[in-house]
Amino acid sequence: MRYDDLKANLTLCTGARKGGGEPCRGTLYKCKQCGGIGCRQSRDDLCSDQGFSVTGRCLKCEATGQMEIIAPGDYSPQQAWLNGPQPASN
Ligand SMILES: [Zn+2]
Ligand SMILES: [Zn+2]
């Protein structure tokens, strides 16, 4: 499976990177405590829509360890594995 295919299954951050202004396209996480949604960056204040620090701390409510990955619908990686290997691209 190509990395891009894997990323396409997840909701991506639509924020812009600070400095360059390039689209972030980072994986989005949701805070179970405050419901805030944002991406996770290696440093604080890297993306306009950043929601979590590298340690998993919510930038909105300061809760730590409350982030969960956002997946669209009922997509389940485990189920995909049970159904066998992904179709080959060649
Ligand atoms: Zn929060
Ligand atoms: Zn972002």
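The values are calculated or read from the model by the stated rules, or taken from the named source; none is laboratory data. All values derive from a computational prediction rather than experimental measurement. Neighbour counts are summed over all protein chains in view; Cβ atoms, including those assigned to glycine, are modelled from backbone coordinates with ideal geometry.
Miscellaneous remarks
For (1) within 16 Å of ligand 1 (Cβ to nearest atom); (2) modelled with pLDDT under 90, each residue gets a yes or a no:
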{"position": "2", "(1), (2)": "no, yes"}
{"position": "7", "(1), (2)": "no, yes"}
{"position": "15", "(1), (2)": "no, no"}
{"position": "46", "(1), (2)": "no, no"}
{"position": "66", "(1), (2)": "yes, no"}
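- Counted residues, the range 48-64 - those being away from ligand 1 (no atom under 12 Å from the Cβ), part of a loop (DSSP other than H, G, I, E, B) and either closer than 15 Å to residue 15 by Cα or of a type outside the set (A, V, I, L, M) (or both): 3
- Single residue of 21, 35 found to be near ligand 1 (Cβ under 9 Å from one of its atoms), part of a loop (DSSP other than H, G, I, E, B) and not hydroxyl-bearing (Ser, Thr, Tyr): 35
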